[in-house]
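Below is one structure, written out as structure tokens, with a few remarks after it.
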Amino acid sequence: MTVTLTTAYCYPVPQTVVDCGLSPMDIYASTSLSVTEHRTPDIRHPASNIKSMKKHLFTCFLASLCLFGSTSTAQVADSPGADFLHRSSPSVPFGLRDTHRGGETRSDTLPEQNGLVDHSAAKGQESEGSSAQSEGFFTLKGEITPDSENPTQLSYELIQQELDPYYQLMDRQGNSLALQPGDFYAGTSGKQVFEFRIPMQEPFARFSLSEGRTPLLQNIWVQPGDSLLIHWNAKRSELFLSGPSANKVRIQRQLKEVALAESAGRNPVMLISDASVMLNTPEKQADYEQVVSDYLPAWSKKMELLETEAQRMDRAEYLFSAIHPHPVFTELARYRDVLPPELTDWLRLYWTGNLYNSALQFVRNCRPGEKGWGELLLRYSMDIPLLFPEGISGTVPHELAEALYLENSLLEKLLPVAFFQLSEAIPIPLREQVDAIYLVKEFKELPDADSLFTHALGYIRTPWIAHQLDALQHGNLKGQDFSAHGFLDQQGDTVYPEAWKGKLVIVDFWLSGCGACLSFARDTFLPIMEEFEDHPDVLFVTVAGDNDQDLWKKSLASGRYTSDQSINLYSGGTDHPTLRQNLIRSFPAQILLDGQGRILQSGSFPKNREGWSQLIQTYLDQGLFASQREQADILSKSNPKPQGDEK
């Protein structure tokens with residue numbers, strides 16, 4: 001386990017927590033005081049040359065270092081007082097990555113014969129003619145022993161077509177379960193029962209079941225035709241499973257337990273430039289020395305203080321080298337003759353992605369700049385031909401595609417090679433997922449985002465991936481219309497963006513309690529608002545991502561996040577359609593709109609007040625906007641003075 005405290009971005013508290021089977025990723029902490037032309041590869045050939053291609057690129061990179069000097073960058077640590085929700089990178093930490101589930105149902109489906117899975121009934125399922133054989137459905141049945149003092153409230157979630165769970169780009173089905181009284185002749189007298197079938201579009205889907213906020217089953221992979229009977233004793237909090245697909249679920253739960261046990265035995269680490277900052281008293285020094293002295297591998301743990309680049313590389317090497325011999329694969333191999341072959345393969349890819357993600361997230365948190373990091377990544381890069389000895393057909397678990405995204409995004413920063421050139425070595429259709437994840441996570445910082453979207457949509461053939469990217473391109477990039485959905489003002493009235501037309505609009509999204517939001521408001525937003533206060537063509541709008549309206553009003557009253565010079569609005573949370581459409585899940589975030597209500601800019605913003613002032617003035621010099629009187633009218637309608645304040 002590791003710990004990270006940073007200050008640049010905030011993430012709302014998750015509504016639900018999806019178990020990925022690990023302590024998913026070490027959380028890291030820093031306590032330092034220092035502040036082209038693209039082509040589509042021939043999919044007939046597997047990516048047998050991926051590593052050699054990357055090594056060739058890296059050799060060229062090393063040669064350039066010899067000619068022009070080192071390009072490694074200095075590590076800039078985050079301030080010691082920040083909490084773990086505040087991050088110096090807008091990318092979500094692995095520990096939070098799976099906590100935001102949701103999304104819209106999509107109608108797109110893959111071709112029936114996609115080659116990844118046999119849609120016929122898996123081994124051990126009911127005979128022909130039973131309900132479990134209904135292709136395209138997952139059947140769930142339950143018998144509940146109720147608790148008379150606490151009514152049972154069950155709900156389920158089924159996730160398919162998962163492009164990015166953090167930004168809720170997925171097909172999600174979910175609802176509460178209607179419980180019926182049991183039947184004496186069916187042997188369920190005194191119990192509550194339910195039975196329903198969930199349609200499936202994909203060969204695999206994630207299934208979760210909860211009672212209230214208590215997870216009963218989490219992140220379980222199911223297939224079309226699966227059927228499961230759960231027995232839940234609400235009085236004793238006991239769960240057991242039966243039915244044709246019970247073994248599939250039991251084995252997956254066992255794999256999670258094995259992974260959790262292995263993760264729990266690892267030493268926690270802290271990324272720190274000077275250990276004396278942490279051990280700054282004789283008492284702390286003595287306590288740490290005692291822990292180190294008492295340390296017994298596999299029995300006790302000690303905090304590892306990673307001060308040097310070499311120590312961090314050693315830790316990364318340990319994480320990478322532990323992937324292939326990981327006990328979760330030994331456990332999975334025990335059930336090779338029990339599970340259907342396609343599920344065994346899927347679980348192997350899922351856990352491979354999980355473990356690589358953990359190691360790669362650690363590398364990213366180390367902010368690699370030295371050439372040794374590139375050599376390390378190439379040495380342990382994923383061997384795609386080994387993972388897919390029979391080639392790739394259909395989509396793969398999101399975790400695996402995201403690990404490949406992380407690997408190539410790190411290499412992009414260490415090599416003088418663009419991400420899309422690196423990903424050309426990945427066979428389609430896997431490349432489709434990897435490139436799509438890159439665009440989702442990085443488009444706000446890409447100067448040529450529109451052309452990259454167009455390029456990717458030219459070779460992506462998976463309908464649901466193309467649909468998600470097309471919607472993202474047409475809802476977020478420069479020149480697109482801003483969302484028309486309204487927000488609430490302090491009086492509870494709905495304010496629509498339509499009313500802002502005619503102005504250069506600076507929209508700031510913030511969150512109560514967010515240190516990074518406070519810093520942005522203090523150092524940038526409030527000063528530039530004061531600078532352009534009397535400009536007739538500039539309008540400032542703030543939108544809070546809070547779930548609690550009273551908390552929002554309290555934060556407004558503090559005057560620390562915004563002022564009455566701006567239109568201050570409430571979204572109700574990150575599930576608001578505008579925040580979802582514009583992928584706003586971390587705070588602060590900004591969007592600039594032109595006089596026609598179109599997006600001018602949604603990323604790559606300046607880092608200081610001077611840069612913002614120059615950016616706003618540049619846009620003002622480019623267009624005609626409304627009069628000062630019209631701006632005053634807009635402000636007065638959106639922020640009316642409370643009664644009794646008028647003089």
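Some values worked out for this structure:
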| item | result |
| --- | --- |
| Matching entry among L551, L569 (being more than 21 Å from the chain's Cα centre (by Cα), more than 17 Å from Y166 (Cβ to Cβ), hydrophobic (A, V, I, L, M, F, W, C) and surrounded by fewer than 20 Cβ atoms within 10 Å (Cβ to Cβ)) | L551 |
| Verdict on L457 being buried (at least 18 other Cβ atoms within 10 Å of the Cβ) and not aromatic (F, W, Y) | no |
| Residue that is farthest from S571 (Cα to Cα) [pool: residues in the range 535-558 that are in a helix (DSSP H, G or I) and touching a Phe, Trp or Tyr at 6+ places or on another chain (Cβ under 7 Å)] | S555 |
| Test: residue in the range 433-445 that is surrounded by fewer than 18 Cβ atoms within 10 Å (Cβ to Cβ) and at pLDDT below 95 | yes |
| Spans of helices (runs of 4 or more DSSP H) in the range 319-407 with at least 1 residues over 26 Å from the mean Cα position of the chain (by Cα) and among the β-branched types (V, I, T) | 327-334 |
| Filtered residues of the range 599-647 (kept if at pLDDT 80 or above, out of contact with any Lys or Arg (no Cβ under 8 Å at 6 or more places or on another chain) and outside any helix (DSSP H, G or I)) | F605, P606, K607, N608, D621, Q622 |
| Any hit, the range 521-532, residues being closer than 22 Å to G573 by Cα and out of contact with any Ser or Thr (no Cβ under 9 Å at 6 or more places or on another chain) | no |
| Qualifying residue in the range 449-469 (condition: closer than 16 Å to G353 by Cβ and β-branched (V, I, T)) | no |
| Test set (1) touching a helix residue (DSSP H, G or I) at 6+ places or on another chain (Cβ under 6 Å); (2) open to solvent by less than 40 Å² (accessible area, probe 1.4 Å); (3) under 30 Å from D226 (Cβ atoms) - Y335 fails condition number | (2) |
| Restricting the range 465-481 to residues that are open to solvent by 20 Å² or more (accessible area, probe 1.4 Å) and part of a helix (DSSP H, G or I), the residue that is modelled with the lowest pLDDT | H474 |
| Flag for L343 being out of contact with any Leu (no Cβ under 8 Å at 6 or more places or on another chain), surrounded by 23 or more Cβ atoms within 10 Å (Cβ to Cβ) and aliphatic (A, V, I, L, M) | yes |
| Candidates A484, A499, filtered to the one that is in a loop (DSSP other than H, G, I, E, B) and over 24 Å from the mean Cα position of the chain (by Cα) | A484 |
| Residue check, A259 out of contact with any strand residue (DSSP E or B) (no Cβ under 6 Å at 6 or more places or on another chain), surrounded by 16 or more Cβ atoms within 10 Å (Cβ to Cβ) and under 25 Å from L378 (Cα atoms) | no |
| Single match in L406, L355, L386 (criterion: surrounded by fewer than 21 Cβ atoms within 10 Å (Cβ to Cβ) and farther than 21 Å from P224 by Cβ) | L386 |
| Close pairs from the range 263-283: first farther than 17 Å from D314 by Cα, partner open to solvent by less than 20 Å² (accessible area, probe 1.4 Å) and of a type in the set (G, A, S), Cβ under 8 Å, at least 6 apart | D274/S32; V277/S32 |
| Of all residues making up the range 299-318, the number that are under 27 Å from R364 (Cα atoms) and either open to solvent by 60 Å² or more (accessible area, probe 1.4 Å) or assigned to a helix (DSSP H, G or I) (or both) | 13 |
| Among (1) open to solvent by less than 10 Å² (accessible area, probe 1.4 Å); (2) under 25 Å from M170 (Cβ atoms); (3) of a type in the set (A, V, I, L, M, F, W, C) - the single one L422 does not satisfy | (2) |
| Positions within the range 203-247 being acidic (D, E) and surrounded by 19 or more Cβ atoms within 10 Å (Cβ to Cβ), in sequence order | E211, D226 |
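The values are calculated or read from the model by the stated rules, or taken from the named source; none is laboratory data. Treat the numbers as computed from the prediction; the structure is a model and nothing was measured. Cβ atoms come from the backbone with ideal geometry, glycine included; neighbour counts cover every protein chain shown. Areas reflect the complete protein model, heavy atoms only, side chains present, ligands, DNA and RNA absent. Shrake-Rupley method; radii C 1.70, N 1.55, O 1.52, S 1.80 Å.
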